[in-house]
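Have a look at the structure below, then the notes.
The values are calculated or read from the model by the stated rules, or taken from the named source; none is laboratory data. Remember, predicted model here, so these are calculated numbers, not experimental data. Don't worry about glycine lacking a Cβ; one is built from the backbone with ideal geometry, like all the others, and counts go over all protein chains shown.
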Amino acid sequence: MKIVVCVKQVPDTKGGVKFNPDGTLDRGAMLTIMNPDDKAGLEAALRLKDQYGAEVTVLTMGLPKAEDVLREAMAMGADNGILVTDRVLGGADTWATSTTLAGAIRNLDYDLIITGRQAIDGDTAQVGPQISEHLNIPVISYAQDIKIEGDSVIVERQYEDRYHVVKAKMPCLVTALAELNEPRYMTPGGIFDALEKEITVWGRANLVDVEDSNLGLAGSPTKIAKASDKVRKGTGEKVTLDPEEAVSYLMNKLTEKHVI
Amino acid sequence: MNLEEYKGVYVFAQQVDNQLSSIAFELIGKGKDLAADLGTEVTAILVGSDVKGLADELAAYGADKVIVVDDPELKEYRTEPYTHAVASVIEKYKPEIVLVGATAIGRDLGPRVSARVQTGLTADCTVLEIGDFPLNPIPGKEQKHNQLLMTRPAFGGNTIATIACPDNRPQMATVRPGVMQKREKVEGAKAVVEEFNPGFTPDNKYVEILEIVKSVVDTVDIMDAKILVSGGRGVGSPENFKLLEDLADALGGTVSCSRAVVDSGWKPRDLQVGQTGKTVRPSVYFAIGISGAIQHVAGMEESDIIIAINKDETAPIFDVADYGIVGDLNKIVPMLTEQIKAVVKK
């Protein structure tokens, strides 16, 4: 079985957020991690590999330094890493990103594609389903469990108040929730091997069946009109009081505001 | 693509088990505002099996027109037949705006539809308005009017971005549940109802549902609560949540919690407030023993009054609290509960 896992290098939001003058994110200026949902997706793929045997290829699109997340994935146990990087791909929205990733995946043999549900920077949850549409294969989003049965994948698909047990013929794309599993750590041997391994680097020329007009900032249907740090409401009162005083302070406020 | 051909505000009227979801009415409510600005109407897209009877309810909440796509293949939500239904409606009727709820269904359906009809989609919007793009005229660049401006938080609420989709139609957005206002229900209101079936032929993309497991929800939805008493890791133990439950009872409120509490297995996930949980906007939000990580704050900062109790005076929750108490929750909370009970009894 061949599994492709899409991962994204995301800014660690604890480090703060920085913008380019055009309103797009200045990803180069922020600390980075492997997106948590994607890491759960990778772990799911590695467990399928442990259980059924599989070749796991990790794919990312980003700046050259996104190679770091591929090395991390390979140190965890992924077999191959592919970095799609090209100046013309910069500033892509979810539509252009999914078009790019689908163009890269068309080079590969695959039974299963796993992406994270959403990335912690954009929080859109759109790229996985959009890749599946471009590739004309089924998608099962929000997976909380993934099993293989013959040529099918069986997934517990989470909804707000229920889950569906869904069966799809492979090839299929599944989007993973962070709560799917607890990702393994890199092993020292794995880290050593990962540094030895070759990472495949692709550019625009390697994308299959993709038009220039659908790539990067220019090929993105959505455009940023304005981006800014959120204006937060000002800090209110902060008091340090004995418990009795604290309670009467709160009682006054609750009465004043007609809560009680 | 001739953009002028695309007219009207369309909303996906989500139903589950043949019951309309609240988000359907919220989208109609917002859709009416946008339609008024554009001088057009709101059409609800109702997709399911045996759902035609729900059209009147959509009308009662303000839909001018309802397009019903009714087919046995649409009984339960599945990505492919629902995508085919909505994409076919878009291809036939050419709406200028399509709104979908940012629910577990809509966040799967929206992207798939947008990729099929080749347009942009903005996720999890919290503000929608009609305006110009670019916002201000730029010499040498056409400024387009009557554009849908979609505002959404990103980076766990750290930033907000306003997004337009100037060159493609429809302009599509998923909209966060609980943010837009429904209209007052008008019993007996009628909408133009039109049935449309594009034909459903199962192929490899039609997944098979083997089993449906409903989780037993015995708690109030925290998104509907007027008063929330929310606890974090600082509460100390699952048993100690009793203090918060007592306070909630005294105020007629509901208990909610932070992610740390869910991750520790103290409370179920449906009580979680925050970026990966629910967005809440109660009249009063008590943050008790919650440090106030950005992901938590993103889910509660719109609350009218925020009261924080925490023993760590440097906790970031104090940056968003209206009233912050640095102190021991174990002493303060039970005493507060007693005093509130005494007042309420009177």
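For segment A:161-176, a residue qualifies if it is at pLDDT 90 or above and either facing another protein chain (nearest Cβ under 7 Å) or surrounded by fewer than 24 Cβ atoms within 10 Å (Cβ to Cβ) (or both), and the qualifying residues are A:162, A:163, A:164, A:165, A:166, A:167, A:168, A:169, A:170, A:171. Exactly one residue out of B:137, B:170 is buried (at least 24 other Cβ atoms within 10 Å of the Cβ), more than 7 Å from chain A (Cβ to nearest Cβ) and either of a type in the set (Phe, Trp, Tyr) or more than 23 Å from residue A:141 (Cα to Cα) (or both): that is B:170. Taken over segment B:250-272, residues that are free of Cβ contacts under 8 Å to residues at least 60 places away in the same chain and under 24 Å from residue A:253 (Cα atoms) amount to 6. Inside segment B:176-194, can you point out the residues that are of a type in the set (D, E, K, R) and in contact with a helix residue (DSSP H, G or I) (Cβ under 7 Å, 6 or more places away or on another chain)? Of everything in segment B:176-194, those that are of a type in the set (D, E, K, R) and in contact with a helix residue (DSSP H, G or I) (Cβ under 7 Å, 6 or more places away or on another chain) turn out to be B:182, B:183, B:185, B:187, B:190.
Taking residue B:219, is it closer than 25 Å to residue A:159 by Cα, of a type in the set (Ser, Thr, Tyr) and either surrounded by fewer than 17 Cβ atoms within 10 Å (Cβ to Cβ) or at pLDDT below 95 (or both)? Yes, satisfied.
Picking from residues in segment B:247-269 that are surrounded by fewer than 19 Cβ atoms within 10 Å (Cβ to Cβ) and on the phi < 0 side of the Ramachandran plot, the one that is modelled with the highest pLDDT is B:249.
With respect to residue B:108, is the statement that it is part of a strand (DSSP E or B) and either under 24 Å from residue A:175 (Cα atoms) or more than 8 Å from every other protein chain (Cβ to nearest Cβ) (or both) true? No. In the set B:79, B:126, B:159, B:119, only one residue is surrounded by 23 or more Cβ atoms within 10 Å (Cβ to Cβ) and assigned by TED's automatic domain parsing to the domain that holds residue B:23; that residue is B:79.
Consider only pairs whose beta carbons are under 6 Å apart and that are at least six residues apart or on different chains; among these, list those whose first residue lies in segment A:93-113 and is farther than 16 Å from residue A:2 by Cα and modelled with pLDDT of 95 or more and whose second residue is hydroxyl-bearing (Ser, Thr, Tyr) and surrounded by fewer than 24 Cβ atoms within 10 Å (Cβ to Cβ). Here the result reads A:93/A:220; A:96/A:220, each pair linking segment A:93-113 to a residue that is hydroxyl-bearing (Ser, Thr, Tyr) and surrounded by fewer than 24 Cβ atoms within 10 Å (Cβ to Cβ). Among the residues examined, residue B:83 qualifies as in contact with a Leu (Cβ under 7 Å, 6 or more places away or on another chain) and either touching a residue at least 40 places away in the same chain (Cβ under 8 Å) or of a type in the set (Ser, Thr, Tyr) (or both). Counting only strands (runs of 3 or more DSSP E) that fall entirely inside segment B:204-260 and contain at least 1 residues that are away from chain A (no Cβ under 14 Å) and among the hydroxyl-bearing types (Ser, Thr, Tyr), the qualifying elements are B:227-231, B:254-257.
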